[in-house]
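Read through the structure below, which is laid out as structure tokens, and then see the notes.
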2 protein chains.
Amino acid sequence: MGVAERKIREKEELKDQILKAAKRLFIERGFEKTSIRNIADEIEYSPGIIYHYFQDKNEIFYALHQEGFQELRKRMEILGAVEDPMSRLKAMGRIYIQYAFENADMYDLMFIIEAPIDFVVKRDDLCWIEGDSTFNLLRSTVNQCMQKGHFEGHHLEAISFLIWSTVHGMVSLKIRKRVNVLDVGEVDQIIENSYNSFLLILDRS
Amino acid sequence: MGVAERKIREKEELKDQILKAAKRLFIERGFEKTSIRNIADEIEYSPGIIYHYFQDKNEIFYALHQEGFQELRKRMEILGAVEDPMSRLKAMGRIYIQYAFENADMYDLMFIIEAPIDFVVKRDDLCWIEGDSTFNLLRSTVNQCMQKGHFEGHHLEAISFLIWSTVHGMVSLKIRKRVNVLDVGEVDQIIENSYNSFLLILDRS
DNA sequence: AATTTAATTGAACAGTGTTTAATTTTCCAA
DNA sequence: TTGGAAAATTAAACACTGTTCAATTAAATT
């Protein structure tokens with residue numbers, strides 16, 4: 001019967017409203033300052049209702065962090081057009097950094113803030129599929145690079161993690177404000193220059 | 001007169017007690033779960049007293065983050081014994097990573113948690129001396145490497161920041177639990193292997 | 001001993017995440 | 001159309017949070 005289906009749809013709609021409100025508030029105020037009551041106010045419901053759609057605050061931000069990975073994956077899709085694996089790897093890094101620059105809060109949520117990962121750990125999924133699939137994309141590209149003779153003497157896992165760490169390091173130092181307070185030039189410029197250094201190193205590997 | 005001096009000493013002693021209690025609680029419960037009331041309980045004073053010694057919670061954790069940098073600097077001191085700048089650079093990375101492994105919470109406070117840096121930004125010091133001096137240590141070492149012919153084609157600032165980013169990236173991904181939930185081997189092992197890959201790259205640069 | 005100064009407290013304010021009993025609304029069969 | 005079961009929603013409470021400030025206590029000085 002159509003009634004049950006409509007109910008489900010309506011339930012999904014409210015769930016969606018909660019997520020949209022949460023995202024709106026999160027982007028403009030950050031994680032700590034986005035409270036359950038704020039979200040409830042935003043959708044004009046009482047705070048309690050949120051707990052009929054989400055286990056806790058962490059689950060809401062786990063869902064939001066998923067949206068972030070969806071967007072990141074979408075941006076990565078164009079990489080299919082790049083044949084040479086080394087060029088693809090380089091482009092991948094650029095996309096990663098650009099995503100982080102344009103969506104600093106979402107990047108924070110995906111790779112720094114503990115809430116979404118605490119949700120993953122709590123239900124003993126023991127696996128973070130969002131991160132895992134993103135890392136696999138990197139790993140398989142690196143693998144293809146190695147088959148073309150790059151990264152000689154390196155191990156696949158190790159060099160892949162190293163590459164991820166490098167771009168994550170640059171981006172997270174910026175996001176957590178450890179660069180702007182440094183007696184060094186313009187933040188975005190130094191990251192740009194550093195990434196170019198990184199590309200140079202890749203070329204020589 | 002000795003009275004005024006004693007008073008000052010007593011004031012310093014209580015300030016020290018606060019910091020010691022805060023550190024104790026922070027190490028075993030983390031930043032969010034260390035409240036002003038917890039600290040006050042620990043030293044058996046009322047919560048209000050803390051605000052006669054510190055502007056706010058951020059200042060307490062700024063002071064603690066300073067202690068962290070002191071310890072890190074202390075560990076870096078043995079680097080003076082390493083003549084070859086490239087060997088010194090490599091050892092520096094090891095010390096950095098080891099410090100982060102042995103003092104994960106302190107590293108978190110120094111390079112990820114916003115509280116201490118928010119304190120720096122608030123009073124418009126516009127300069128984060130602790131981070132700045134640590135980065136300068138790295139930069140000058142890299143500079144010496146370049147004078148010995150390494151990192152050809154790179155810019156000092158850029159390659160220095162890149163190196164910092166790399167080790168920070170590895171360490172912070174671990175600390176913020178993005179590695180243990182990944183479908184990859186033992187966390188410490190992959191970081192060890194990645195750092196070895198990093199050393200290999202340095203050798204070839 | 002009285003007075004000034006400093007140290008310390010307790011209570012209040014406005015907020016937080018979360019739970020639960022009570023209420024309202026919705027649905028469906030008689 | 002109505003009565004009762006089921007679902008959705010709320011209001012209130014709990015135990016917290018950082019921070020401020022008037023009132024109190026303790027110490028130092030005259």
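Every read-out reported here was derived from the displayed coordinates using simple, explicitly stated rules and does not represent laboratory data. Please read these numbers as outputs of a predicted model, since none were measured by experiment. Cβ coordinates were reconstructed from backbone atoms using ideal geometry, including for glycine residues, and neighbour counts include every protein chain displayed.
The modelled label-to-label distance for the pair B:K74/B:I95, using points 7 Å beyond Cα in the direction of Cβ, is 1.3 nm.
Taking a point 7 Å from the Cα of B:D124 along the Cα-to-Cβ direction, the residues of region A:176-205 with backbone N closer than 16 Å to it are A:181. Partner aspartates and glutamates whose Cα lies under 17 Å from the Cα of B:K148, excluding those fewer than 8 positions away in the same chain, are identified as B:E83, B:D84, B:E157, B:D203.
Calculated from the alpha-carbon coordinates, the protein assembly as shown shows an Rg and a Dmax of 23.5, 91 Å respectively. If R0 equals 35 Å, the separation of the Cβ atoms of B:L199 and A:Q55 corresponds to a calculated FRET efficiency of about 0.20.
Along chain B, the longest continuous region that contains none of the trypsin sites (Lys or Arg not before Pro) in a DSSP loop with at most 14 other C-beta atoms within 10 Å is B:34-122. Both numbers refer to the Cα atoms of chain A; Rg and Dmax are 20.0, 67 Å.
Annotation for region B:143-198: GluC sites (Glu not before Pro) lying in DSSP loop with at most 14 further Cβ atoms inside 10 Å of their Cβ are B:E152, B:E186.
In chain A, the beta carbon lying closest to the axis that superposes A onto B belongs to the residue given here with its whole-angstrom distance, A:G169, 1. Highest mobility in the GNM of chain B, judged by mean-square fluctuation with C-alpha springs under 10 Å and restricted to B:E130, B:E28, B:E67, is found for B:E28. Annotation: average projected area of region A:1-121 is 10.0 square nanometres, based on the convex hull of Cα atoms across all directions. Charge dipole (Cα centre; +1 on Lys/Arg Cβ, -1 on Asp/Glu Cβ; no other charges) of the protein assembly as shown amounts to roughly 40 debye. For the pair B:E186 and B:A81, label points projected 7 Å from Cα toward Cβ lie 2.8 nm apart.
For peptide B:187-198, how many partner chain Cβ atoms fall within 10 Å of a residue's Cβ, on average? Walk me through the numbers on the way to the answer.
Numbers: counts 0, 0, 2, 6, 4, 1, 7, 12, 4, 4, 12, 6.
Across B:187-198, the average partner-chain Cβ count within 10 Å equals 5.
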